[in-house]
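Just so you know, all these numbers are worked out from the coordinates, no wet-lab data involved. Treat the numbers as computed from the prediction; the structure is a model and nothing was measured. Cβ placement follows ideal geometry from the backbone for every residue including glycine, while neighbour counts extend to all protein chains displayed.
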């Protein structure tokens with residue numbers, strides 16, 4: 001029986017290289033994987049050594065894992081095409097035809113659910129593009145990437161840009177004809193086989209979006225002045241805000257496209273949208289507040305000890321929010337903690353963000369433009385979008401679809417079979433998985449039912465996995481009193497007493513929520529008797 005070329009290349013990945021010229025390459029790769037872990041109470045910034053038997057599991061710049069084998073046009077690297085051999089439908093056409101603009105606020109969850117999901121996603125998932133600079137921390141402009149719409153690079157192997165239809169209802173007004181799309185960088189595998197993508201962040205809930213994913217990046221975010229704090233600027237009202245980014249090659253503050261300063265954090269996407277920036281600001285303040293309190297009760301601690309202890313507390317708080325206050329799926333203890341390629345392309349928080357959040361206190365429920373007001377209160381008050389709203393400039397829906405094809409993500413029906421045991425051979429079989437009008441729109445766009453992109457099918461289908469309450473993550477703080485303090489409710493705190501937004505999600509007085517008791521971290525200096 002003739003093997004499919006995908007099977008052939010997967011077989012090459014297991015080829016014995018002994019005695020060949022590639023044996024030296026293999027030996028070099030084995031040397032790089034023999035990571036030596038240093039004993040210590042604090043996490044490595046690059047995510048290594050969380051598992052002493054497999055110290056490279058979950059480390060920054062490791063390869064992503066897959067639920068199903070990749071589906072490339074040539075079995076190796078070329079983006080996925082139709083089962084018929086033709087091109088897949090234009091991503092922008094799929095976006096405007098299937099992902100319609102509907103305003104369906106959730107009845108029982110607020111915008112904060114989405115916002116924590118995006119913030120959490122930026123803790124462990126970032127596939128660098130082919131031209132990404134070596135420095136991940138945003139000291140420059142993260143949007144300063146290769147132009148894949150230019151004549152010189154349009155057909156470069158690093159590019160996968162696509163046309164915007166001339167009749168497009170939004171981009172057509174501005175004469176836009178091409179959506180820029182650099183491909184994700186290859187993960188340097190130490191074996192033969194199909195193209196894989198890398199994750200430039202750690203794969204753990206470890207606050208890397210606040211602290212960075214390498215020692216070099218983390219040092220650029222710290223004051224290093226003996227107080228263990230992160231760098232910050234002072235706002236107009238005297239409050240602590242994120243520092244502005246200073247590119248190393250320029251003598252001025254880097255500015256965004258809108259003319260404002262580009263802010264700096266452990267993840268380069270801090271400037272994507274105001275709600276995300278607010279979340280970064282909150283955790284900058286939280287770290288610095290804890291560091292300040294630790295330095296007061298332990299004046300003998302140096303900068304490194306204060307920083308690491310504050311970082312450990314913050315990571316514990318983030319984990320408790322994620323596993324106790326945020327719905328998530330359970331993971332088995334033996335699963336390697338690597339981000340799955342599917343997770344890096346199926347970004348549901350892109351679908352749940354409204355254009356006009358509700359500002360409860362100032363406008364009494366009236367919707368206001370996102371660009372003109374600080375979003376923190378709106379995160380708690382605004383209803384989460386139950387359906388999807390296309391973004392603008394660029395269209396994130398289109399980019400998500402194209403990214404799945406770039407990564408060799410198999411079609412939606414393959415995941416219905418692999419995850420639910422449902423075999424779909426024709427479009428009519430999808431009537432049990434999605435509304436018939438949606439299925440008919442898909443049928444007009446896609447030549448074959450197996451061509452449907454995972455992102456699109458995931459969004460419109462009703463047989464997608466539901467979030468379940470995950471198992472609690474054990475906090476390795478080494479002391480039950482410390483763990484008890486970190487486990488206190490953290491995220492969903494209102495600023496002052498107010499009316500209930502929902503019976504299951506009321507606003508409560510801050511006075512009823514006791515803060516962190518720092519007495520548990522008091523350490524008697526060596527040689528001092530009590």
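Per-structure values
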{"item": "FRET efficiency, residue 51 to residue 324 (Cβ-Cβ, R0 30 Å, nearest 0.05)", "result": "0.85"}
{"item": "Least to most buried among 96, 153, 202, 167 (fewest other Cβ within 10 Å first)", "result": "167, 153, 96, 202"}
{"item": "Residue 167-residue 189 FRET efficiency (beta carbon distance; Förster radius 41 Å; 0.05 resolution)", "result": "0.45"}
{"item": "Full-stretch length increase - residue 522, residue 508 - with 0.36 nm per residue and alpha-carbon distance subtracted", "result": "2.0 nm"}
{"item": "Pairwise label distance in nanometres, residue 156 with residue 273, each label 7 Å out on the Cα-Cβ vector", "result": "2.9 nm"}
{"item": "Potential lengthening between residue 42 and residue 443 on full extension [0.36 nm per residue; Cα-Cα distance subtracted]", "result": "139.1 nm"}
{"item": "Likely footprinting exposure, 277, 223, fewest C-beta neighbours within 10 Å first", "result": "223, 277"}
{"item": "Separation of the residue 422 and residue 74 label points, Cα + 7 Å toward Cβ, nm", "result": "3.5 nm"}
{"item": "Sequence of 54, 99 once ranked by neighbouring C-beta atoms within 10 Å, starting from the fewest", "result": "54, 99"}
